Amino acid sequence: MRIHIATDHAGLDFSTRLQEHLRAAGHDVTDHGPVEYDALDDYPAFCIRAAQAVIADQTAGIEALGVVFGGSGNGEQIAANKVQGIRAALVWNTSTAELAREHNDANVISIGARQHTFDEVTSFIDTFIGTPFSGEERHARRIAQIADFEISGALLPDPRA
């Protein structure tokens, strides 16, 4: 599988180590983050480029997922989610990593590098990569509703109206 990675300075060490871990597991890794430590760098462009690459690969039929890092993972998730078709999930344990894929068919995982040990991070990512989307109708239906809104602004009727 191709894995697109992006981070800012807060996750640079994790990103470098993670790339080695993922390559050792047989994944094709593309780094979209900074090339050197800069405490004043800005994460949005890095994360958006990684998300765009995930969508481009998936559209081309290439199996791909993304991993974005930052101090908390919050801003990185928000940035990635601005790319049409991306479903980025903030993950803080193996259960949320599994559910992100199983229920939401998330294609990007966001993690706070300052919140976890490297071993925790690798377990979250390995779980995320290894968990398939369940394909259950209720989950597929909800994902389709999100995609419809993203494309056309369409929502289901308001039950209170």
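Which cross-chain or sequence-distant (5 or more) residues have an amide H under 5 Å from the amide H of residue 28, H modelled 1.01 Å from N in plane?
Close amide H contacts, sequence-distant or interchain: 2, 3.
In a GNM of the chain with a 10 Å cut-off on Cα contacts, which of 86, 129, 143 has the highest mean-square fluctuation?
Maximum among the listed residues: 143.
Would you kindly derive the ³J(HN,Hα) couplings of the range 3-19 from the backbone phi angles with the Karplus curve 6.51 cos²θ - 1.76 cosθ + 1.60 (θ = phi - 60°), listing them in order in whole Hz, with x for Gly and Pro?
10, 9, 10, 8, 7, 10, 4, 5, x, 4, 5, 4, 4, 4, 5, 5, 4
Counting other Cβ atoms within 10 Å, keep those with at most 16, restrict to DSSP loop, and tell me which trypsin sites (Lys or Arg not before Pro) in the range 84-141 are left.
Passing both the DSSP loop test and the Cβ count: 114.
Tally up the carbon and sulfur contribution to the accessible surface of the range 1-120 as a whole percent, 1.4 Å probe, everything protein left in place.
48 percent
Dividing the Cα radius of gyration by the Kirkwood radius, what Rg/Rh value follows for the range 1-54?
Rg divided by Rh gives 0.97.
Looking at the chain, which longest stretch skips every one of the GluC sites (Glu not before Pro) that is in a DSSP loop with at most 16 other Cβ atoms within 10 Å, leaving the sites themselves out?
Of all site-free stretches, the longest is 64-135.
Probe of 1.4 angstrom, ligands and nucleic acids ignored: what's the accessible area per residue over the chain, in square angstrom?
52 Å²
Among 28, 42, 119, whose mean-square fluctuation peaks in a Gaussian network model of the chain (Cα, cutoff 10 Å)?
119
Test of understanding: in a Gaussian network model of the chain with alpha carbons linked when under 10 Å, which of 85, 73, 135 would top the mean-square fluctuation ranking?
The residue with the greatest mean-square fluctuation here is 135.
Could you tell me the largest-minus-smallest coordinate of the C-alpha atoms of the range 90-147 on each of the three principal axes, in descending order and whole angstroms?
Result for the range 90-147: principal-axis Cα extents of 36, 19, 14 Å.
Calculated FRET efficiency, residue 95 and residue 134, Cβ-Cβ r, R0 22 Å, to nearest 0.05?
0.90
Could you please report the charge total around residue 84, scoring K, R as +1 and D, E as -1 over all other residues with beta-carbon less than 13 angstrom from its beta-carbon?
Charge balance in the 13 Å sphere: 0.
Can you show me the helix-derived [θ] at 222 nm for the chain, built from DSSP H runs with n ≥ 4 at -39,500 (n - 2.57) apiece and divided by the number of residues, rounded to the nearest 500.
It lands at -14500 deg cm²/dmol.
Which value, in Å to one decimal place, does the Kirkwood hydrodynamic radius take for the range 19-89 when every pair of different Cα atoms is included?
Hydrodynamic radius (Kirkwood, Cα pairs) of the range 19-89 is 12.9 Å.
Mind listing the phi-derived Karplus ³J(HN,Hα) values for the range 32-39, rounded to whole Hz, using 6.51, -1.76 and 1.60 with θ = phi - 60°, and x for any glycine or proline?
Result, ordered by residue: 10, x, x, 9, 8, 5, 9, 4 Hz.
The values are calculated or read from the model by the stated rules, or taken from the named source; none is laboratory data. The structure presented is a predicted model; accordingly, all values stated were derived computationally and were not measured. FYI the Cβ positions are ideal-geometry reconstructions off the backbone, even for glycines, and counts take in every protein chain you see. Only protein heavy atoms, including side chains, enter the accessible area calculation; ligands, DNA and RNA are left aside. Shrake-Rupley method; radii C 1.70, N 1.55, O 1.52, S 1.80 Å.
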